[in-house]
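Chemist: Let me give you the structure first, and then I'll get to my questions.
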Amino acid sequence: MIDLKQVSKIYSNGAIGLRTTSLHIQKGEFVFVTGSSGSGKSSFLKLIMKEIEPTTGIITINGRNIENLAHRQIPYYRREIGVVFQDFRLLYNKTVFDNVAFAMRVVGARKKQIRYQVPLALALVGLSKKANCFPDELSGGEQQRVAIARAIVNNSPILVADEPTGNLDLSNAWTIMKLLVDINNKGVTVLVASHENDIVTSLNKRILRIQDGTIISDNASNNIGGNFYA
């Protein structure tokens, strides 16, 4: 699903985002990316999302070298990756339904398809009854669930979550992580950047630990379809 071969990222100011790295993430894996602020977690995810370009190396997603993508192909590539952010990034003048539908409208989905897919995504995150609410009528945990519904509504095979529990209390954080596990169990490859060590270590999942741009540990193997321990 995701291959990095001798990939590095050095920014123009000399800062190191990622030192030379090679790794493979299988289809259907759930992978935590951990490390302190500035360790390189975000650089790692941005490289996969093609928000930044590698200084060296090759990144292959689903058998495709993303370096070879033409500029016009990048938006189509990004449709294959659902993204969840720490700060939700919802449209506060739109209802929950329209926030989720927005992700479909920008890729040209038909109205009939939107009317079918959005309720399914909201049901999956437990917000069917909140479809007509506005984000400021929801709790922080509910807002993050809207963001997750938006990320999965296009049936993207990869879900990237960048500190999805960073603005939530512990109870809501567990709820979000359980939801991400449920999504992973449906076959979606899930990558989660997180500093919530208690949560990370309570899941039987693969953990990439990054420090100063270097992956210092990787417990790869026997982590596909791992169980949830709460």
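The values are calculated or read from the model by the stated rules, or taken from the named source; none is laboratory data. Computed from a predicted model, the values in this text were never measured in an experiment. Cβ coordinates were reconstructed from backbone atoms using ideal geometry, including for glycine residues, and neighbour counts include every protein chain displayed. Side chains included, ligands, DNA and RNA excluded: accessible areas come from the protein's heavy atoms. Shrake-Rupley method; radii C 1.70, N 1.55, O 1.52, S 1.80 Å.
Chemist: Expressed as a whole percentage, what fraction of the accessible surface of segment 27-135 belongs to carbon and sulfur atoms when a 1.4 Å probe is rolled over the protein heavy atoms?
Modeler: C and S fraction of accessible area: 51 percent.
Chemist: Only four residue types carry charge here, +1 at the Cβ of Lys and Arg and -1 at the Cβ of Asp and Glu. Report the dipole size of the chain about the Cα centre in Debye, rounded to the nearest 20.
Modeler: For the chain, the charge dipole is close to 960 debye.
Chemist: As a test of reading the structure, rank Arg105, Arg150 by solvent-accessible area (1.4 Å probe, protein chains only), most first.
Modeler: Final ranking, largest accessible area leading: Arg105, Arg150.
Chemist: Using the Cα atoms of segment 119-194, I'd like the radius of gyration and the largest Cα-Cα distance, Dmax, both in angstrom.
Modeler: Both quantities, over Cα of segment 119-194: 11.7, 32 Å.
Chemist: Determine the distance separating the Cα centre of segment 1-71 from the Cα centre of segment 100-143; give it in Å without decimals.
Modeler: Cα centres, segment 1-71 to segment 100-143: 30 Å.
Chemist: For the chain, find the longest principal axis of its Cα atoms and tell me its angle to the long axis of helix 96-105, 0 to 90°, nearest 10.
Modeler: 60 degrees
Chemist: Counting only helical runs of four or more DSSP H residues, what would the 222 nm mean residue ellipticity of the chain come to if each run contributes -39,500 (n - 2.57) and the total is spread over all its residues?
Modeler: The helix contribution divided over the chain gives -9000 deg cm²/dmol.
Chemist: Right, another one. If you take every residue apart from Asn154 with its C-beta less than 12 Å away from the C-beta of Asn154, what net charge results, scoring Lys and Arg +1 and Asp and Glu -1?
Modeler: Result for the local shell: +3.
Chemist: Just check segment 36-111 against the gyration tensor rule for me: Cα atoms, a ≥ b ≥ c as the square roots of the eigenvalues, rounded for a/c under 1.5, and otherwise prolate or oblate depending on whether a/b exceeds b/c.
Modeler: It comes out oblate by the Cα gyration axes.
Chemist: Shifting gears a bit: Under a 5 Å amide H to amide H cut-off, with H placed in plane at 1.01 Å, what residues pair with Val192 once short-range neighbours are removed?
Modeler: When sequence neighbours closer than 5 places are left aside, the close amide H contacts are Val31, Phe32, Val33, Ala161.
Chemist: Mind checking the per residue accessible area of the chain for me, 1.4 Å probe, whole number of Å²?
Modeler: On a per-residue basis, 49 Å².
Chemist: Order these peptides, 178-187, 4-13, by their mean beta-carbon neighbour count within 10 angstrom, highest first.
Modeler: Final packing ranking: 178-187, 4-13.
Chemist: If you stretched the chain out fully between Arg78 and Ile58, how much longer would it get, using 0.36 nm times the residue separation minus the C-alpha to C-alpha distance?
Modeler: Between Arg78 and Ile58, full extension yields 5.5 nm more.
Chemist: Starting from the Cα gyration tensor of segment 1-82, take the square roots of the eigenvalues, sort them a ≥ b ≥ c, and report rounded, prolate or oblate (rounded when a/c is under 1.5, otherwise prolate if a/b is larger than b/c, else oblate).
Modeler: The shape class here is oblate.
Chemist: Further question: Enter the angle in degrees (range 0 to 90, nearest 10) between the Cα long axis of helix 111-124 and the first principal axis of the Cα atoms of the chain, meaning the one along which they spread out most.
Modeler: On a 0 to 90 degree scale, this one is about 80.
Chemist: Full-extension gain between Lys27 and Gln6, please, as 0.36 nm times their residue separation minus the C-alpha to C-alpha distance.
Modeler: Between Lys27 and Gln6, full extension yields 5.5 nm more.
Chemist: Here's something else I'd like to know. Below 13 angstrom from the Cβ of Gly82, what's the summed charge of the other residues (Lys, Arg +1; Asp, Glu -1)?
Modeler: Local charge sum for Gly82: +3.
Chemist: How large is the dipole of segment 79-125 about the Cα centre if only Lys and Arg carry +1 and Asp and Glu carry -1, each at its Cβ, rounded to the nearest 20 debye?
Modeler: 320 debye
Chemist: Here's a follow-up. Give me the net charge of Asp212's neighbourhood, meaning all other residues with Cβ under 14 Å from the Cβ of Asp212; Lys, Arg count +1, Asp, Glu -1.
Modeler: Computed value for this residue: +4.
Chemist: Treating only the Cβ of Lys, Arg, Asp and Glu as charged (+1, +1, -1, -1), what charge dipole size does segment 72-200 show about its Cα centre? Round to the nearest 20 debye.
Modeler: 1000 debye
Chemist: Rg and Dmax of the chain over Cα atoms: what are they, in angstrom?
Modeler: In Å, with Rg to one decimal and Dmax whole: 17.4, 50.
Chemist: Given the options Tyr11, Phe102, Ile114, identify the residue whose Cα lies farthest towards the positive end of the charge dipole of the chain (+1 on Cβ of Lys, Arg; -1 on Cβ of Asp, Glu).
Modeler: After comparing all options, I get Ile114.
Chemist: Can you compute the modelled spin-label distance between Ala123 and Tyr92, with each label point 7 Å from Cα toward Cβ, in nm?
Modeler: The answer from the label model is 3.2 nm.
Chemist: Rg to Rh for segment 68-202: what is it, with Cα atoms only and Rh by Kirkwood?
Modeler: 0.96
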